[in-house]
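The values are calculated or read from the model by the stated rules, or taken from the named source; none is laboratory data. Note that the structure is a prediction, hence the values are computed from the model and not measured. Positions of Cβ are generated from backbone atoms using ideal geometry, with glycine treated the same way; all protein chains shown enter the neighbour counts. Areas reflect the complete protein model, heavy atoms only, side chains present, ligands, DNA and RNA absent. Shrake-Rupley method; radii C 1.70, N 1.55, O 1.52, S 1.80 Å.
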Amino acid sequence: MSSLTLNKPAIDWAWKVDSAAVNSDDAAIKAALMDIANPVYVAKNGTGLGVANTTAAAGSEDVLAFAQALNPEDLGDDAYKKQHNVKYAYHGGAMANGIASVELVIALGKAGYLCSFGAAGLVPDVVEESIRRIQAGLPNGPFAVNIIHAPSEEALERGAVERCLKLGVDTVEASAFLGLTEHIVRNRAAGLSRNADGTVNIGNKIIGKVSRTETGRKFMEPAPEKLLQKCLDKGHITAEQFELAKLVPMADDITAEADSGGHTDNRPFVTLLPTIIGLRDEIQAQYNYSPALRVGAGGGLGTPESVLAAFNMGAAYIVLGSVNQACVEAGASDYTRKLLSTVEMADVTMAPAADMFEMGVKLQVLKRGSMFAMRAQKLYDLYINYDSIEDIPAAEREKIEKQLFRANLDEIWAGTVDFFRERDPEMLERALNNPKRKMALIFRWYLGLSSRWSNSGEKGREMDYQIWAGPSLGAFNSWVKGTYLEDYTQRNVVDVAWHLLKGAAYLQRVNQLKLQGVALNTELGSYTPA
């Protein structure tokens, strides 16, 4: 019996196929559907149905349904691909502390994908050295560099922007912004110039990650004059750039960031994406930007089904992060990548963020195989309940010194002073005479190092590893179970991207047949990496 049945009247396509070319064998049907570069035609084959890949003018069988050719590069917005000089509407998102590594960025870039280097949390000298390595590997691009909002460490945000401008980085991904800052505005405005025809040339592209409409609006509208004035007064932009910045949006692309790893508001992407697209439509109608604003989808994407859903909901491009962290090119330790390959959807939780600790901001991390989330929450509770290290009860202090810091807190403070003297002297100065801020910096010692321990594979600190991950990674692991991609040592980032996009294209073809009344069995209706 054929795996295909027709459950409603056939559409008259006026095409015919040669009966000899129609095949109803399950393997042949699967192969025809998998051959996404060629169309598939469904026709009668005896008493059942079969498929053919070509039509014939003198054919004997009517085409009852068909699915068009659909390649991975056909998905997404063509304007996005053209502006970023990429083949695919797939963006490898930034993962902080270099987890989105130089190697990962170069691998995706060489294959025609855009990827952001995970510069967040790195000192400017390291950011510069990494950018130079990426430029050597991708002299013509494409690549982006992440600029993360750092309200508690302004020097890092400023330093990252300055190094990007110095080295001519033409695309940055702005993430975790609670509001626009002078630094991200400077990055945008400093790349503006006037074309010969009078239009504005945008030399510095920005991809803004947002999970709220109020933040999305800030990136969709022109830069605030107040922040532009600061840049002008400091000589960071010219008078002409000051005026041109009022004519263009702050970002070219807006990523609707749903339930992701790291900084997240845990928004469901099925509600967030259409909301941000609706806001885009409103603002685009108001300003009539050319080129028009684009909206992509990130967070919660880890299977071909979710990727296709994002594109069908209107996403111009997709952004993958958590899934890439388990790939061989990621800047994570072998221990961490192996652990990530076992994650299920419920194995994640929220924990205090190091970079926004005092503000109570949380990020999504792995709870399987690590006690970081529980221990970080303990530190935040102590920070809320006490005004200084000295106020913490002796028993509580002894407990965290033994379990978390493995040293006396006075020793930790001495090391913290040395660290911030190099990293951000201004922050250190503010803490010297403020016991509450001093306590926060001591606690951030643990939160900051825990992610680096994970990246480097620090022995003996496995229970303290801070591993950013979202539930999409669990969905991905479930999808690839039983395939070669179940083995984390076989997960190459380009291979993973290809299968996600090819799978989405395959499922779109299946959906096209279903809409024409073709019913397929379960095996034909799904895509598995092979």
From the set of residues in region 166-176 that are surrounded by fewer than 21 Cβ atoms within 10 Å (Cβ to Cβ) and touching a Lys or Arg at 6+ places or on another chain (Cβ under 8 Å), which is farthest from residue 206 (Cα to Cα)? 167
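Can you find even one residue in region 305-322 that is in contact with a Lys or Arg (Cβ under 6 Å, 6 or more places away or on another chain) and open to solvent by 20 Å² or more (accessible area, probe 1.4 Å)? I'd like the intermediate steps shown before the answer.
Going residue by residue through region 305-322, those that are in contact with a Lys or Arg (Cβ under 6 Å, 6 or more places away or on another chain) are 316.
With the extra rule that they be open to solvent by 20 Å² or more (accessible area, probe 1.4 Å), the set shrinks to none.
No, there is no match, as no residue in region 305-322 is in contact with a Lys or Arg (Cβ under 6 Å, 6 or more places away or on another chain) and open to solvent by 20 Å² or more (accessible area, probe 1.4 Å).
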If residue 522 satisfies all but one of (1) among the β-branched types (Val, Ile, Thr); (2) within 28 Å of residue 269 (Cα to Cα); (3) part of a helix (DSSP H, G or I), what's the number of the condition it fails? (3)
The one condition in (1) in a loop (DSSP other than H, G, I, E, B); (2) under 30 Å from residue 149 (Cα atoms); (3) open to solvent by less than 60 Å² (accessible area, probe 1.4 Å) that residue 80 fails to fulfil: (1)
Which numbered condition residue 104 fails, given (1) more than 18 Å from the chain's Cα centre (by Cα); (2) part of a helix (DSSP H, G or I): (1)
Of all the residues that make up region 121-158, how many are touching a residue at least 24 places away in the same chain (Cβ under 8 Å), among the acidic types (Asp, Glu) and assigned to a helix (DSSP H, G or I)? 3
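From the list 32, 65, 96, which residue is open to solvent by less than 30 Å² (accessible area, probe 1.4 Å), closer than 26 Å to residue 4 by Cα, touching a helix residue (DSSP H, G or I) at 6+ places or on another chain (Cβ under 8 Å) and touching a residue at least 12 places away in the same chain (Cβ under 8 Å)?
65
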Report the residue count in region 274-320 for those that are part of a loop (DSSP other than H, G, I, E, B) and either among the aromatic types (Phe, Trp, Tyr) or touching a Ser or Thr at 6+ places or on another chain (Cβ under 6 Å) (or both). 6
Given the condition touching a helix residue (DSSP H, G or I) at 6+ places or on another chain (Cβ under 8 Å) and among the small types (Gly, Ala, Ser), answer yes or no: does some residue in region 504-520 qualify? yes
Name the residue that is nearest to residue 530 (Cα to Cα), counting only residues in region 45-58 that are open to solvent by 40 Å² or more (accessible area, probe 1.4 Å) and either touching a residue at least 24 places away in the same chain (Cβ under 8 Å) or touching a Cys at 6+ places or on another chain (Cβ under 9 Å) (or both). 53
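Counting only residues that are of a type in the set (Asp, Glu) and either assigned to a loop (DSSP other than H, G, I, E, B) or more than 17 Å from residue 509 (Cβ to Cβ) (or both), which one in region 25-57 is modelled with the highest pLDDT? Write out each step before concluding.
Quick first cut of region 25-57, residues of a type in the set (Asp, Glu) only: 25-26, 35.
Still in the list and also either assigned to a loop (DSSP other than H, G, I, E, B) or more than 17 Å from residue 509 (Cβ to Cβ) (or both): 25, 35.
Numbers: 25: 89, 35: 96.
Top of the filtered list is 35.
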So, of the residues in region 119-129 that are surrounded by 21 or more Cβ atoms within 10 Å (Cβ to Cβ) and touching a helix residue (DSSP H, G or I) at 6+ places or on another chain (Cβ under 7 Å), which turns out to be nearest to residue 100 (Cα to Cα)? 119
Out of region 425-470, which residues are at pLDDT 95 or above, acidic (Asp, Glu) and open to solvent by 20 Å² or more (accessible area, probe 1.4 Å)? 458, 462
Note: among 501, 473, just one is in contact with a Gly (Cβ under 8 Å, 6 or more places away or on another chain), of a type in the set (A, V, I, L, M, F, W, C), modelled with pLDDT of 95 or more and not in a loop (DSSP other than H, G, I, E, B), namely 473
Quickly run through region 159-187 and pick out the residues that are touching a His at 6+ places or on another chain (Cβ under 6 Å) and in a helix (DSSP H, G or I). 161, 186
When the residues of region 130-150 are narrowed to those that are of a type in the set (S, T, N, Q) and open to solvent by less than 30 Å² (accessible area, probe 1.4 Å), which ends up farthest from the chain's Cα centre (by Cα)? 130
Flagged pairs (Cβ under 7 angstrom, 6 or more apart or on separate chains; first in region 213-238, assigned to a loop (DSSP other than H, G, I, E, B); second charged (D, E, K, R)) are 222/246; 223/188; 236/186; 237/186
Give me the pairs, please: first residue somewhere in region 513-528 and within 15 Å of residue 51 (Cβ to Cβ), second residue anywhere and open to solvent by 30 Å² or more (accessible area, probe 1.4 Å) and of a type in the set (Ser, Thr, Tyr), beta-carbon distance under 8 Å, and either six or more positions apart or on two chains. 518/5; 519/5
Name the single residue that is farthest from the chain's Cα centre (by Cα) among those in region 362-381 being aliphatic (A, V, I, L, M) and buried (at least 18 other Cβ atoms within 10 Å of the Cβ). 379
Six or more apart or on different chains, Cβ under 8 Å: which pairs go from a residue in region 473-485 that's exposed (fewer than 14 other Cβ atoms within 10 Å of the Cβ) to one that's among the polar types (S, T, N, Q) and assigned to a helix (DSSP H, G or I)? Could you list them? 484/490
